[in-house]
Structures are given as structure tokens and as C-alpha cells.
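We did not get these values from a lab; they are worked out from the coordinates using the rules stated. The structure presented is a predicted model; accordingly, all values stated were derived computationally and were not measured. Positions of Cβ are backbone-derived with ideal geometry, glycine not excepted, and every protein chain shown enters the neighbour counts.
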Amino acid sequence: MTDTTLVRCLTFLRLSDEYTAYKTAKNSSERFSTIHIALLRVLVIGLVAFFTLSFLLVLLVSRFNQNYAPAPYIKDATMYFIVVGDWGRNGTMNQLEVANAMGSWCETRAITNNGKCHLIVSTGDNFYDNGVHDVHAKQFNDSFEGIYTHSGLSNTPWYLVNGNHDWRGDPHAQIEYSKYSKRWIFPDYYHSFIIPNLVQFIFVDTTPFLSDYRTNPKMNTKLLEQQNTEKQLIWFKEQVKKGEDAKVLWKLAVGHHPMYSAAGKHGDIPEMISNFEKLMSEEGVHMYWSGHDHNLQHLRNDTARFFNGKLRLPLEHVISGAGSETRDDIEDHPLLKAKQIGSGFVFVKIEREVLTFSFVDYNGQETFTSTIKIW
Ligand SMILES: [Zn+2]
């Protein structure tokens with residue numbers, strides 16, 4: 001290195017004074033002291049730069065990841081997944097039987113993925129009756145880790161939303177549990193992920209949209225008050241745009257509360273219809289998956305097909321809320337296409353433009369199957 005380059009470097013590091021002092025030092029002791037001070041300054045400058053850059057990097061990554069879940073790898077545009085809801089009851093009320101039937105279906109039907117489903121979708125009400133109260137709650141083991149142990153489910157990621165029962169406890173503790181379990185993927189109250197050229201999942205947090213909950217003393221009203229539903233709807237539209245940019249074939253939305261339901265206990269939910277039906281139909285969402293009612297239902301509103309002068313595929317509604325306890329309360333409903341009374345889940349296979357979904361009971365028996373094609 002020439003003297004001029006060295007001087008430039010030292011000037012850049014604000015060490016030109018030390019360089020001059022070094023050059024004019026009277027003896028080796030003075031020279032040594034000058035080098036000592038220079039090294040100390042380099043060390044301090046280096047440390048400050050390192051911590052500042054690290055902080056900025058962490059800030060950037062966390063900002064980028066907010067509301068985004070990591071997507072599973074799909075190797076040949078064929079994917080298998082299960083939708084289950086309303087399940088956490090320490091293995092009772094058929095929860096364990098449903099869990100084993102889920103594993104068995106993945107093992108025997110997810111043929112092109114070595115007997116493994118790519119993911120499990122939970123439609124909420126993950127823990128009865130009152131959610132969990134902190135991230136170390138016993139229910140994570142007693143109702144989840146210790147229940148879904150079938151070899152067909154091992155290492156399969158779960159993507160979740162909170163239901164109204166989860167909102168009775170600390171809904172944020174379920175988000176935090178993502179740090180403790182590799183198969184629990186719950187990055188925020190609402191979140192999404194995209195598998196480019198194939199499918200987009202958008203998970204919405206529906207409990208804050210139902211005004212009765214905000215004044216219900218059983219609910220975590222303090223946290224509910226902080227939820228901004230308008231912001232969530234704007235976010236939803238932004239996600240759809242990202243899915244379109246990634247050329248997804250399928251847009252699937254997931255939430256806890258259904259819009260329409262033939263179950264007598266809850267029935268149709270006007271606040272869900274007013275907030276989401278037009279939005280999802282206009283944005284070209286193909287299916288809305290929910291839970292809340294303890295059975296399986298397929299509904300479709302064939303009249304809601306024209307938006308902005310375009311004929312679209314009608315939004316398909318599937319309720320999967322029979323992960324443990326069930327209710328025999330299904331009544332006549334003009335939009336109802338199929339139902340299953342009794343505990344169970346929905347198994348889904350996507351092969352590019354073709355999506356097939358099957359209702360399966362807790363004995364592993366298929367009770368209904370339907371195919372949707374994109375045109
Ligand atoms: Zn519910």
C-alpha cells in the first residue's frame with residue numbers, strides 16, 4: 001500500500017491525526033502509544049458499525065415477515081392438505097380418533113408426496129373452552145403435540161387462526177407458540193402465504209368482526225378492542241394482488257366464523273356476509289374455509305357470481321368444524337349442497353386447475369366428495 005493510499009484510508013477512518021503523530025514520534029514508546037490509540041478507535045468504530053447494521057437488518061427482516069408464513073415446498077404442482085377445526089379437547093369427544101384418521105388419510109392418499117400431507121389448516125377454536133392463558137400452557141401438549149402423533153402427520157406444518165374460544169384466553173400466546181413448535185405456523189392474527197403458480201392461502205381473524213364479542217365478559221375484550229378490522233380488510237386486498245403477481249391458480253381464504261351455515265346453533269352470520277362475501281367474490285377468491293359449527297358443510301351462493309360485469313366462479317363455502325365434539329343440528333338451508341354430521345375433517349387434493357375435497361368421518365370413511373375446476 002502506498003503512503004498516499006494509506007493516508008486516504010486513515011483519513012476515512014478519522015485516524016489522520018494518529019498517522020501524523022506516528023510519523024513525528026520521537027521514540028518507539030510514543031510510536032507504540034499512537035498505534036494503541038489508533039487500534040482502539042478502529043475497534044470502537046467497527047463495533048458501532050456492526051451493531052447498527054445488525055439492528056437495521058433485524059428491523060428489515062421482521063418488517064418484511066410480518067403477516068407472512070413460510071410456505072411449504074410443493075414439487076410437482078400436486079398438493080394434499082387437511083382442513084380441521086374446533087378440536088382441542090385433550091383427546092376426548094373423538095379428537096383422538098379424528099387425529100388418527102387424518103394421519104391414515106395422509107399416509108394412504110398423499111401418494112406423490114411419500115404419504116405426507118403438505119400441510120394442515122386449522123379453522124380455529126383450537127383449545128376448549130377458554131383458549132390458552134400463556135405460551136407454556138399444558139394444552140399445547142395435551143390437545144396438540146400429544147394427540148396428532150400418527151406417522152402420517154409427523155413434521156407436517158399446521159397453519160392456524162384463532163376462533164372465538166381462543167379469544168377467551170390469550171390469543172397472542174398461540175401466535176407466540178410458533179417459536180416453540182416446528183409444526184405450529186401462526187405468525188400473526190391474520191397472515192398469508194403463496195406457493196407461486198399454484199395456490200395462495202389467506203387466513204383472516206374473524207372474531208373481531210362480530211360486535212357482540214367486544215362486549216362479552218367471557219372474551220378477552222381488552223385485546224379485541226385493539227383489533228382494527230378496516231386495516232385487515234385493506235390487507236386482504238393487498239394479499240390478493242400479491243397472489244395475482246405470483247400467478248396463483250387458486251385463492252383460498254380461511255377464517256373461523258362461516259358466512260352461511262345450516263347449523264341451528266349459529267346459522268348465517270350477517271356481519272360475516274356483509275364484510276366478506278362481496279370482498280372475496282370481487283377479488284376472485286375460490287373457496288372460503290371456516291369452522292365454528294361442529295359438523296362439515298358445503299354451501300354455495302350461486303346468485304353471487306357477477307361482479308364488475310364479469311362472470312366468475314361462485315365462492316364455495318366449506319365448513320370444517322368437527323375436529324372433536326359434534327352437533328346434530330343441521331336444518332334446511334337454500335345454499336346447502338352437502339353435509340356430514342359426526343366428527344371428522346376435510347381432505348383436499350389440488351392438481352393444478354382441479355381441486356377435489358372429501359368429507360371424512362372419524363372412522364376414516366369418506367361420506368362426500370366434490371371436484372371444482374378453474375375455467
Ligand atoms: Zn367457534
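Please report the projected area of the chain's Cα convex hull averaged over all directions, in nm². Could you put the intermediate results ahead of the total?
Values: hull surface 105.5 nm².
Orientation-averaged projected area of the Cα hull: 26.4 nm².
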Task: Per-pair calculated FRET efficiency, R0 = 41 Å: S211 and E145 via Cβ, rounded to 0.05 - done: 0.70
- [ ] Treating only the Cβ atoms of Lys and Arg (+1) and Asp and Glu (-1) as charged, compute the dipole magnitude of the chain about its Cα centre; round to the nearest 20 debye.
- [x] 1540
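If neighbour count is taken as other Cβ atoms inside 10 Å, put Y22, Y288, Y73 in order from fewest to most.
Working: Y22 18, Y288 25, Y73 9.
Placing the least packed residue first, the sequence is Y73, Y22, Y288.
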- [ ] Counting only C-alpha contacts under 8 Å and six or more residues apart, can you give the relative contact order of the chain as a whole percent?
- [x] 17
- [ ] Mind listing the long-range amide H neighbours of E316? Cut-off is under 5 Å, sequence gap 5 or more, other chains count too, H placed in the peptide plane at 1.01 Å from N.
- [x] M287, Y288
Task: Listed residue pairs exceeding 18 Å between alpha carbons, taken from K237/K349; K247/K278; K116/K349 - done: K237/K349; K247/K278
- [ ] Using a cut-off of 13 Å between beta-carbons, work out the net charge of the residues near W289 (Lys and Arg +1, Asp and Glu -1, W289 not included).
- [x] -2
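For n ≥ 4 DSSP H runs only, could you compute -39500 (n - 2.57) per run for the chain, divide by its residues and tell me the 222 nm figure to the nearest 500?
Working: 8 runs with 104 residues, N = 375.
Value at 222 nm, helices only, nearest 500: -9000 deg cm²/dmol.
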Task: Phi-based couplings in Hz for the stretch 214-227 (Karplus 6.51, -1.76, 1.60; Gly and Pro marked x) - done: 5, 10, 7, x, 6, 8, 7, 5, 4, 6, 4, 4, 7, 7
Open item on the list: I'd like to know which of I350, G243, H292 lies farthest towards the positive end of the charge dipole of the stretch 239-375, counting +1 on Cβ of Lys and Arg and -1 on Cβ of Asp and Glu.
Closed with: G243
Task: Most fluctuating residue given options Q174, Q227, Q297, as computed from a GNM of the chain linking Cα atoms under 10 Å - done: Q227
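What does the charge add up to near R327, with Lys and Arg as +1, Asp and Glu as -1, over the other residues with Cβ less than 9 Å from its Cβ?
Summing Lys/Arg as +1 and Asp/Glu as -1 gives -3.
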TODO: Mean Kyte-Doolittle of at least 0.5 plus a Cα span of 30 Å or more along the axis: flag which DSSP H helices in the chain meet both, please.
DONE: 28-65
Open item on the list: Please compute the modelled spin-label separation between D245 and L43, points set 7 Å along Cα→Cβ, answer in nm with one decimal.
Closed with: 4.6
